[in-house]
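The block underneath contains the structure these notes are about, expressed in structure tokens.
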Amino acid sequence: MAASERNGVTMPASVRPGPPLWLLFELTYRCPLQCVFCYNPVDFARLDQELATDEWLRVLHEARALGSVQLGLSGGEPLTRDDLEEITAEAHSLGFYTNLITSGVGLTQARLERLRTAGLDHIQLSFQDSTREMNDFLSHTRTFDLKRRVAGWIKALDYPMVLNCVIHRLNIDHIDKIIEMAVEMGAEYLELANAQYYSWAHLNRDALLPSRAQLQAAEETTNRWRDRLQGRMRILFVVPDYYEERPKRCMNGWGSTFMTVTPDGTALPCHTARMLPGLEFPNVRTSSVREIWYDSEGFNRFRGFGWMKEPCASCPEREKDFGGCRCQAYLLANDAAAADPVCSKSPFHHVVTEAVERAQQSRPVEKPLVFRHKEESLTRSDPALIRDS
């Protein structure tokens, strides 16, 4: 079979990907919230060279020409960028479906109207819990009342009401009230996404990983609400990887459909890939989207199956999960090419089962939570500092 070599990485012709259908712009790492589960890099404070407006617009044009169709606008908090409306309008004019992923902080009725005029298609609003006390504690800010006002503005403009709440040990017992809050707000869609343990969530993992009993009770509550609502609101409940026997098909496969562009222009095949050692990821300031997607070492390294070790290399399920998550493999096995330790076949699966067993204790950890904060970030320049040994 014909093959090509790019930057020392041999690529079988059969795994040459289609276009990056889903484009994510992480416009900034600035954020008023200090969530303990944030997936931004733990050293985000050292990465402060944000792309200028014209650079973001150029990337939009290049990605659309390559075949990208969906654009996520996130951060940090994307509303801290004064050019959000301009970027949204350009994306709309090019034919992107645009989705704003926001805490709501920085949004006013007037600005929401401007974003609507610019062509924004979709808004996903985050909550941390169903009460002012817990929401504000978990985000380390006073934002609950603002979020409720923002939800009302979104609903008034006939946007689909899409709420997101990251679920973990500290709020999973409040699932009933979280769903009730979403119903009261008239949400059409609620994502109850259990934290996945990367970046700040990995740093706080032992405090955040729920017990089996908590997960079971939360799923039962969710199912009761599904039956009660009869489709009036769609509820998605995402189980944490640590409680699965097989890994997820991370980002639908490395470099297959997804590209994220970080605030400084680094292009990544997943949100957290820049932590991986020995990989050079390209930057949109110096490379075109086409070059990044097809020719760069970073995007080619874990495409297809040629990089796989055992047990993945001969596993009949490799075409389903592509070996799982490379970042999770690095964090838990100190080897980005290892089988994802979530998999029961992985020689490092014991790292996951040990963490799960600790989570069954009533008080699994005594150390305090580490909130996402600039000063805290400046002490953590090396992501390996939080890697499991």
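The values are calculated or read from the model by the stated rules, or taken from the named source; none is laboratory data. Predicted model, so just to flag it, every value in this text is computed and none were measured. In this analysis, Cβ positions are derived from the backbone assuming ideal geometry, glycine residues included, and neighbour counts consider all displayed protein chains. Protein only, heavy atoms only, side chains kept; ligands, DNA and RNA dropped before computing areas. Shrake-Rupley method; radii C 1.70, N 1.55, O 1.52, S 1.80 Å.
By how many nm would the segment from Val69 to Lys345 grow when fully extended, if each residue of separation counts as 0.36 nm and the alpha-carbon distance is taken off?
Taking Val69 through Lys345 to full extension adds about 95.7 nm, to one decimal.
Ignoring ligands, DNA and RNA, what percent of the accessible area of the chain is carbon or sulfur (1.4 Å)?
Working: 8130 of 16390 Å².
Its accessible area is 50 percent carbon and sulfur atoms.
Of all DSSP beta bridges located in the chain, what percent are antiparallel, nearest 5? Before the final figure, lay out each step's value.
Details: 7 of 39 bridges.
Approximately 20 percent, going by the DSSP bridge assignments.
Just flag the chymotrypsin sites (Phe, Trp or Tyr not before Pro) in segment 28-87 sitting in loop per DSSP whose Cβ has no more than 16 other Cβ atoms within 10 Å.
In loop regions of segment 28-87 (DSSP not H, G, I, E or B), there are no sparsely surrounded chymotrypsin sites (Phe, Trp or Tyr not before Pro).
What number, rounded to the nearest 500 deg cm²/dmol, is the helix-based mean residue ellipticity at 222 nm of the chain, given -39500 (n - 2.57) per DSSP H run of at least four residues and division by all its residues?
The per-residue figure over the chain is -9500 deg cm²/dmol.
One-quarter of the Cα convex hull surface for the chain, in nm²?
18.8 nm²
Spin-label point model (7 Å from Cα, Cβ direction): what's the Leu157 to Tyr243 distance in nm?
3.6 nm
Determine the distance separating the Cα centre of segment 115-142 from the Cα centre of segment 159-189; give it in Å without decimals.
Computed from Cα coordinates, the inter-centre distance equals 11 Å.
Let me cross-check Met134: its accessible surface, 1.4 Å probe, with only protein heavy atoms counted, in Å² to the nearest 10?
50 Å²
Could you give the longest part of the chain that holds none of the GluC sites (Glu not before Pro) found in DSSP loops with at most 12 neighbouring Cβ atoms within 10 Å?
Result, exposed sites excluded: 1-244.
Report the calculated FRET efficiency for Leu236 and Arg46 (r = Cβ-Cβ distance, R0 = 35 Å), to the nearest 0.05.
0.55
Can you tell me the FRET efficiency between Val356 and Tyr97 if r is taken as the Cβ-Cβ distance and R0 is 41 Å, rounded to the nearest 0.05?
Calculated value: 0.65.
Please compute the length gained on full extension between Phe305 and Arg290, using 0.36 nm multiplied by the number of residues separating them and subtracting their Cα-Cα distance. Don't skip to the answer; put the middle values down first.
Numbers: separation 15, 0.36 × 15 = 5.40 nm, distance 2.22 nm.
Difference between extended and current length: 3.2 nm.
Before I look further, what does segment 146-196 give for accessible area per residue, probe 1.4 Å, in whole square angstrom?
I get 36 Å² per residue for this part.
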